Every structure is written in structure tokens, then in C-alpha cells.
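S.K.: Before anything else, here's the structure in question.
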Amino acid sequence: MTVAVIRPSENVFDGHLGATMVPGGIQFAVHAAAGGTAQLLLFDDPSQAAPTHVVDLDPQQDRTDSYWHITIGGVGHGQVYNWRIGQDAERPAAGALIDPYGLAIAGSKNYRRSAAHDGQDNTDAALRSVVVDLDRYDWQDDKRPPLPSGREFIYEMHVAAFTASATSGVPENLRGTYAGLTARVDHLVQLGVTAVELMPVHAFDMQDAPTGRANYWGYSSVSFFAPHPGFAAADTPADVVDEFRDMVRALHAAGLRVILDVVYNHTAEAGPDGPTLSWRGFDEAAYYMQDKDFSLYRDFTGCGNTFNANHPVAQRLITDSLRHWVAALHIDGFRFDLAAAMARDEDGEPLSRPPVLWAIDTDPVLAGTRLVAEAWDTGGLHLVGNFPGNRFASWNGPYRDAVRRFLKGDTGVIEELMARIVGSPDLYHRTGARPSDSINFVTCHDGFTLRDLVTYEKKHNEENGENNRDGSNNNINWNSGHEGPSDDPELEALRARRVRNFITLLFFSHGTPMLLAGDELGQSRAGNNNPWCLDNERNWLNWDLVQENADLLRFVRLTAQLANHLPILTEDCFWHATNPDQEGDITWHGTRAGQPDWTPTSRHLAYELIPPAGNERILVLMNAETSKQNFIPVAPPEGTQWHTVINTGATAPDDVQPESSLPHPVGTPLTVP
């Protein structure tokens with residue numbers, strides 16, 4: 001490799017950060033704290049221990065304010081590089097840093113997290129940044145799918161876990177990759193999914209985990225721009241980006257929108273004693289919230305640091321990252337992990353109008369994308385329904401808790417459950433809020449699967465290597481009378497019925513339903529409610545269950561298909577509740593028509609959904625008592641009859657019959673188990 005520094009007579013910085021293709025070479029540019037020194041390290045290939053070329057930047061010619069910038073000739077697409085940033089001439093840096101704006105990351109073949117501590121020279125063991133010419137890729141006719149004509153149905157999934165198992169039917173070399181997901185889009189289409197929410201795909205540090213384990217879930221970013229190389233079958237780092245784009249294009253072609261779970265609240269650099277991989281080495285004060293004496297990091301994430309999202313430098317990095325994923329990788333939306341941490345100022349105090357969130361909300365490049373907040377953090381800030389900005393939806397944790405409590409048989413939950421069923425207008429009361437802003441879920445990656453929710457009373461996380469200390473102890477769950485798997489057919493029938501109860505209530509509530517990958521198959525994690533560090537069957541989707549639990553899969557498919565296209569559920573406005581003598585959208589009942597039991601001890605509820613046009617109505621009867629309950633359904637409109645389309649107490653195929661159900665005689669009881 002022959003390289004040359006290209007310095008025009010006036011080396012004017014053009015404002016582009018990262019590695020940008022320019023005539024004759026590449027411009028490298030990065031923000032760093034005031035003063036100091038900078039070196040650009042160039043490598044022939046990612047595994048090379050020492051750089052082939054070290055370019056010393058001249059502070060007089062190659063620095064403009066806080067930006068180091070230099071153009072190198074003789075290099076191009078696929079060039080491997082790192083930065084070294086020193087505090088001053090007497091204290092040059094030893095470590096090699098990833099470019100915060102790098103578009104690709106070389107894999108972790110030689111990477112050692114431990115080598116990036118205490119100012120050591122970790123050049124031989126550092127991750128590498130890689131130049132990517134984004135214009136080389138042919139998107140063909142790729143277009144962002146419009147919102148579905150019915151209701152959006154989100155499927156939360158881990159890219160690698162989806163096809164990592166040998167049972168996935170994917171060729172071995174593609175298992176656990178972006179290409180592997182592309183090969184099994186059929187499952188998502190058949191399920192009726194309209195949007196996939198991918199757990200983190202930003203390049204992350206798999207070594208940020210207990211010894212002998214891997215940070216498999218990816219909530220430990222080392223880059224906000226590069227797709228994680230460990231999820232790719234591609235041979236070269238730059239090709240990882242194209243494999244990711246192939247996946248997005250395939251999902252779009254199938255009509256599926258792509259939402260990324262993004263982690264801008266903390267990074268893999270952990271606390272002050274953690275490794276220096278990138279941001280800390282460039283400008284620690286700009287990127288991390290610190291105490292006033294800069295001796296400690298503020299931690300509102302439980303991960304050792306909190307990203308300083310409302311500092312101008314960090315804010316620009318975040319918004320530039322989001323624009324990159326939308327413009328260059330065609331992403332359709334984002335779910336922001338622990339997003340309440342992004343609503344804090346540099347001292348950790350909550351802000352009513354956080355600059356970074358309003359910048360995201362109003363950015364023209366992000367217009368039309370789905371913005372979803374996990375609207376809390378570990379510091380106690382809880383903003384569900386009150387998240388800053390006009391466009392943010394949020395994960396509805398109160399929905400999850402109310403549904404779990406009711407279907408577990410708890411008392412004192414009826415009135416809250418009613419509010420959750422109708423889209424949580426008590427929470428989403430800002431001007432312009434809609435039911436679709438409530439992302440309704442019963443389970444997600446964080447916690448028990450749906451099968452485990454009805455099978456285990458306690459968490460069983462010993463395999464994680466933390467003596468069962470990790471993971472939540474408050475799961476609002478019931479094992480149905482026995483801890484763990486059972487051969488008792490009556491017990492297993494109860495568990496299967498309870499799973500169907502959760503699925504039915506999820507899809508017949510107002511709002512946007514989200515399903516955890518594997519719940520449609522009855523996937524179990526053996527009671528582990530936090531398998532974040534396990535690259536094994538605890539996370540991998542078991543495709544054998546497609547046949548073993550075919551009845552459950554059929555139930556989920558048909559229930560989702562029925563509910564997500566009912567006009568009353570798809571019209572994105574809050575329902576008007578009425579009594580039986582008035583016209584409206586929803587009427588509440590109990591075991592007798594027009595007589596809901598709202599007492600604290602009540603464990604049964606019925607509601608009738610009344611579309612503004614047409615005679616097709618929906619009646620939902622729910623019984624969480626320990627014994628069966630007879631309901632007298634409200635009389636249907638004259639000349640019509642009720643037909644039971646879903647009965648969670650029946651076995652397949654009678655559990656869901658959207659087309660062939662028999663009518664129910666008017667005035668006669670309907671028994672609900």
C-alpha cells in the first residue's frame with residue numbers, strides 16, 4: 001500500500017465526520033477535546049498487529065477548532081484504520097480508538113477488552129474501523145413499506161437467535177446472521193407481522209459479559225454507525241454493511257417495516273475504570289455524564305455510565321447516527337432503550353424539553369419513521385405517556401403489569417385494566433396522542449417468555465454465572481400450580497389456556513400489539529428471565545416447535561389476523577365509552593349485560609366493541625376466577641346473533657374459528673372457564 005497525505009494550500013474542513021470518500025482518496029475527520037495530539041493508524045487488513053502507516057496530524061494545518069481532519073490518497077473502500085488521541089505533546093496516547101463515526105467495524109478475532117485499560121498500548125488487540133463507500137450498493141427498487149392498512153403488529157426479535165439453531169432450516173454458514181433472517185422471512189409473513197423490532201444491531205462488545213460468556217443481546221455498543229459484524233456471514237467488514245442492507249431490502253419486499261432497538265443511553269466503555277475503546281479517548285466530558293469533580297460517572301442505566309445525550313457533541317453524534325441508518329440503510333423506525341436517560345441534562349436532572357429528543361422528533365430526515373421510547377431508566381425517571389416530543393410512542397409497561405395481574409387472578413386491578421384495554425388514554429393525554437402510541441406487550445426480551453410466565457414462579461438464572469442475582473424478582477407471574485415442566489395433562493391444559501388468554505387480550509386491546517419472538521411457538525427459556533449473556537438454546541428460536549406446537553401457532557396467526565383488521569381496533573382514535581342505552585365505541589359488562597363489577601375483589605369483566613358503521617360487533621368475556629363463570633351476553637342487534645370465534649377454553653381447532661363458528665342462542669348463558 002502506498003499512501004500520501006493530501007494537503008491543499010488551505011486545508012478547510014468541510015464538516016463531514018468519519019471517513020468520507022473524496023476525489024483522490026479519503027478525508028478522515030474526528031472531534032476531540034481541546035489541545036492534544038492526533039495520529040491516524042492505517043492497516044493493510046484487520047488482523048494486522050501493527051499499523052502499516054502512522055500519520056501524525058499537524059495541529060496548525062490539520063485541526064479546525066475541535067476537529068482533526070486529514071485527506072489521505074492511495075486508500076479507498078475497505079481501508080482499515082484507527083485513531084490515537086493524546087492529551088498533550090508530553091502525554092501521547094498509547095491506545096488505538098474506534099472512529100465514533102466509523103461505518104464498519106472489523107470483527108473481534110484479535111480483540112481483547114482487557115487490553116484497553118490503564119493507558120496500555122492495545123493496538124494489536126483493538127477493534128478496527130473500516131472505510132465504506134456507501135454508493136457502491138444497488139438498492140434496486142427498495143421503498144419503505146407504508147403503514148399497514150390495518151393495525152401495526154410488531155415482532156420483537158434477536159437477529160442471530162432467530163436462525164442460530166440447526167432446526168431453523170437455514171444453511172449452516174448462514175445460521176445466526178442477517179442473511180439467515182432473510183432466508184426465513186416466510187415465518188414472519190405467515191404470522192401476519194407488519195414490523196420487526198430488531199434487538200441491538202449496532203456493533204457491540206461481546207466480551208462485556210461474565211468470564212466464559214458473551215454479551216449476546218448487544219446492549220453494549222461500541223459504535224452507533226456500524227452493523228454488528230458478529231451477525232454477518234460476509235467475509236469482509238465492509239461487506240457486512242451490504243449483507244445488512246440485503247436483509248432490509250428483503251424485509252421491505254415482504255411488506256415488513258424494520259425498527260431498530262438502539263442504545264444511546266450508555267456504551268461498552270462502562271465506568272471510569274472501564275476500557276477506553278472510542279468515545280472516552282476523544283472527549284470524555286462531552287460523551288459521559290460526570291460528577292462535578294469529574295471523578296465519578298453518573299449512572300442512570302445500571303451499566304456504569306450514562307451517555308451525555310444533551311451535550312451538543314453527543315447530541316450531534318446521536319442524530320447523525322439516526323440519519324445514517326435511515327438514509328443509507330433504509331431503516332423505518334427506532335426503539336430507544338432506557339430512553340428516559342436521554343431526557344436528563346449533563347448533571348442528570350430531568351429536562352422538560354430535552355434538546356436531543358426534540359431534535360430527533362423534528363428532524364426532516366427522520367420524518368415518517370416510527371419513534372418508540374422505553375420511557376424509563378434505572379434512576380427512577382418514568383415517562384410512559386408523557387415522553388418529550390410529539391412523535392414518540394412508548395412501551396406501555398403499565399399495560400403489561402395490569403394484564404399480568406388480572407390474568408394471574410389478582411384483585412384490585414379491574415379499573416386499571418379497563419384503562420389499558422382502551423389504549424391508556426389516562427397515560428397518553430398529550431395533544432395529538434393516539435392509541436397507536438401505546439405499544440402493548442405482555443412479554444419482551446427482558447423477562448420471562450409467555451410460556452415461562454405460566455410455568456415458573458421464580459426466576460432460574462443460575463446459568464448466567466451471577467448466582468441468580470440478575471434479572472427482575474418482580475415478574476407478576478404464576479406457575480399454574482407446579483414449578484417447571486409437568487406431565488400432568490390437566491395442568492398443561494391450564495397453561496395452554498392461560499397462554500391463549502394472554503394472546504387474545506393482547507390483540508383485542510386498543511393500541512399497537514408487540515409479540516416476543518418465540519411466544520407464538522411456546523418457546524421456553526427454562527425459567528431464565530435474563531439470558532443476556534447466553535449464546536445457546538436459552539435464546540435460540542427452536543424451530544421444532546413449529547410442528548410440536550402447531551396448534552398454538554395457528555391460534556396466534558388467526559387471532560392476529562382477525563383482530564388486526566377489525567375497523568374498531570384499527571381506527572386510531574380513542575374509544576368513547578357508553579352505557580347500554582347510548583351509542584358509542586365500547587360498552588362495559590359483567591356476568592350480566594350492562595352490570596360490570598368494578599369492586600376491588602372483581603375477577604371478571606366483559607366489554608363490547610361497537611363499530612361506528614355496520615352491525616358486526618365484538619364481545620369479549622373474561623374470567624380470572626379459579627372456577628368457571630356463566631355470563632349472559634348482551635342482546636345483539638335485532639336480526640343478528642353472536643358467534644363464538646375465539647374460545648380459549650377449547651382445544652384446536654375449536655379455540656379459534658373466525659369463519660365457521662355456530663351461533664349462540666340469545667339470552668342463554670355462555671360458560672367461561
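S.K.: Hey, any hits in the range 308-325 for a residue that's in a loop (DSSP other than H, G, I, E, B) and surrounded by fewer than 18 Cβ atoms within 10 Å (Cβ to Cβ)?
M.R.: Within the range 308-325 (the criterion being in a loop (DSSP other than H, G, I, E, B) and surrounded by fewer than 18 Cβ atoms within 10 Å (Cβ to Cβ)), the answer is no, since none of the residues qualifies.
S.K.: Tally time: how many residues in the range 281-305 are outside any loop (DSSP other than H, G, I, E, B) and either modelled with pLDDT of 95 or more or under 19 Å from V356 (Cβ atoms) (or both)?
M.R.: 9
S.K.: Moving to a separate point now. Got a number for residues in the range 156-175 being in contact (Cβ under 8 Å) with a residue 24 or more places away in the chain and either among the basic types (K, R) or open to solvent by 10 Å² or more (accessible area, probe 1.4 Å) (or both)?
M.R.: 7
S.K.: Is there a residue being open to solvent by 50 Å² or more (accessible area, probe 1.4 Å), free of Cβ contacts under 8 Å to residues at least 40 places away in the same chain, out of contact with any strand residue (DSSP E or B) (no Cβ under 7 Å at 6 or more places or on another chain) and closer than 27 Å to R136 by Cα anywhere in the range 18-31?
M.R.: Yes; the residues of the range 18-31 include at least one that is open to solvent by 50 Å² or more (accessible area, probe 1.4 Å), free of Cβ contacts under 8 Å to residues at least 40 places away in the same chain, out of contact with any strand residue (DSSP E or B) (no Cβ under 7 Å at 6 or more places or on another chain) and closer than 27 Å to R136 by Cα.
S.K.: Working only within the range 469-496, note down all residues that are farther than 17 Å from S524 by Cβ, surrounded by 15 or more Cβ atoms within 10 Å (Cβ to Cβ) and modelled with pLDDT of 95 or more.
M.R.: Residue satisfying the conditions is I476 alone.
S.K.: Still on this structure: Go through R370, R400, R405 for me and flag whichever is under 17 Å from the mean Cα position of the chain (by Cα), open to solvent by 40 Å² or more (accessible area, probe 1.4 Å) and at pLDDT 95 or above.
M.R.: Just a single option satisfies the conditions, and that option is R400.
S.K.: Name the pairs whose Cβ atoms lie under 6 Å apart, with the first residue in the range 220-240 and closer than 19 Å to D44 by Cα, the second of a type in the set (D, E) and not in a loop (DSSP other than H, G, I, E, B), and 6 or more positions between them or separate chains?
M.R.: From residues that are closer than 19 Å to D44 by Cα, the pairs are A234/E243.
S.K.: Quick one: which residue in T301, T306, T362, T319 is under 21 Å from the mean Cα position of the chain (by Cα) and over 20 Å from Y219 (Cβ atoms)?
M.R.: T319 is the lone residue from the list that is under 21 Å from the mean Cα position of the chain (by Cα) and over 20 Å from Y219 (Cβ atoms).
S.K.: Does D401 meet the test of being among the acidic types (D, E) and either under 28 Å from P145 (Cβ atoms) or part of a strand (DSSP E or B) (or both)?
M.R.: So D401 fails the test.
S.K.: Can you tell me how many residues in the range 373-386 are assigned to a loop (DSSP other than H, G, I, E, B), open to solvent by 10 Å² or more (accessible area, probe 1.4 Å) and not hydroxyl-bearing (S, T, Y)?
M.R.: Number of matching residues: 8.
S.K.: While we're here: Would you point out the residue of the range 208-231, among those that are over 12 Å from D535 (Cα atoms), open to solvent by 20 Å² or more (accessible area, probe 1.4 Å) and assigned to a loop (DSSP other than H, G, I, E, B), that is modelled with the lowest pLDDT?
M.R.: T211
S.K.: Can you name the residue in the range 337-367 that is closer than 21 Å to V201 by Cα and in contact with a Lys or Arg (Cβ under 8 Å, 6 or more places away or on another chain) and is also least open to solvent (accessible area, probe 1.4 Å) among such residues?
M.R.: Result: L366.
S.K.: A follow-up question, please. Looking only at the range 201-208, decide whether some residue is under 24 Å from Y111 (Cβ atoms) and of a type in the set (D, E).
M.R.: Yes, there is a match, as at least one residue in the range 201-208 is under 24 Å from Y111 (Cβ atoms) and of a type in the set (D, E).
Quick grid of which residues meet (1) closer than 30 Å to T177 by Cβ; (2) in contact with a Ser or Thr (Cβ under 6 Å, 6 or more places away or on another chain):
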| site | (1), (2) |
| --- | --- |
| E537 | yes, no |
| D544 | yes, yes |
| L553 | yes, no |
| L558 | no, no |
| H589 | no, no |
| A593 | no, no |
| P596 | no, no |
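S.K.: Mind listing whichever residues of the range 509-552 are acidic (D, E) and within 18 Å of Y219 (Cα to Cα)?
M.R.: D535
S.K.: Would you please name the residue that is modelled with the highest pLDDT, looking only at residues in the range 104-140 that are hydroxyl-bearing (S, T, Y) and open to solvent by less than 30 Å² (accessible area, probe 1.4 Å)?
M.R.: S129
S.K.: Across the range 33-50, what is the number of residues that are modelled with pLDDT under 95, surrounded by 13 or more Cβ atoms within 10 Å (Cβ to Cβ) and touching a helix residue (DSSP H, G or I) at 6+ places or on another chain (Cβ under 8 Å)?
M.R.: Of the residues in the range 33-50, 2 are modelled with pLDDT under 95, surrounded by 13 or more Cβ atoms within 10 Å (Cβ to Cβ) and touching a helix residue (DSSP H, G or I) at 6+ places or on another chain (Cβ under 8 Å).
S.K.: Now a separate question. For A161, state whether it is assigned to a helix (DSSP H, G or I) and either of a type in the set (K, R) or under 17 Å from the mean Cα position of the chain (by Cα) (or both).
M.R.: Yes, satisfied.
S.K.: Follow-up. Looking at the range 626-672, which of the residues that are hydroxyl-bearing (S, T, Y), under 22 Å from G590 (Cβ atoms) and touching a residue at least 40 places away in the same chain (Cβ under 8 Å) is surrounded by the fewest Cβ atoms within 10 Å (Cβ to Cβ)?
M.R.: T626
S.K.: Same structure again: Going by what's in this entry, would E490 be described as free of Cβ contacts under 8 Å to residues at least 60 places away in the same chain, outside any loop (DSSP other than H, G, I, E, B), of a type in the set (D, E, K, R) and farther than 22 Å from L515 by Cβ?
M.R.: Against the criterion (free of Cβ contacts under 8 Å to residues at least 60 places away in the same chain, outside any loop (DSSP other than H, G, I, E, B), of a type in the set (D, E, K, R) and farther than 22 Å from L515 by Cβ), E490 qualifies.
S.K.: A further question on this structure: For the range 120-148, which positions are of a type in the set (G, A, S), over 18 Å from A234 (Cα atoms) and in contact (Cβ under 8 Å) with a residue 60 or more places away in the chain?
M.R.: Once the filter is applied, which keeps residues that are of a type in the set (G, A, S), over 18 Å from A234 (Cα atoms) and in contact (Cβ under 8 Å) with a residue 60 or more places away in the chain, the range 120-148 yields only A126.
S.K.: Give the residue, chosen from E466, E415, E457, that is in contact (Cβ under 8 Å) with a residue 12 or more places away in the chain, more than 25 Å from the chain's Cα centre (by Cα) and assigned to a loop (DSSP other than H, G, I, E, B).
M.R.: Among E466, E415, E457, only E457 is in contact (Cβ under 8 Å) with a residue 12 or more places away in the chain, more than 25 Å from the chain's Cα centre (by Cα) and assigned to a loop (DSSP other than H, G, I, E, B).
The values are calculated or read from the model by the stated rules, or taken from the named source; none is laboratory data. These figures come from a predicted structure and were not determined experimentally. Quick reminder, even Gly has a Cβ in these numbers, built from the backbone with ideal geometry, and neighbours come from all protein chains shown. For the accessible areas, the whole protein counts, side chains as well, though only heavy atoms, and no ligand, DNA or RNA atoms are used. Shrake-Rupley method; radii C 1.70, N 1.55, O 1.52, S 1.80 Å.
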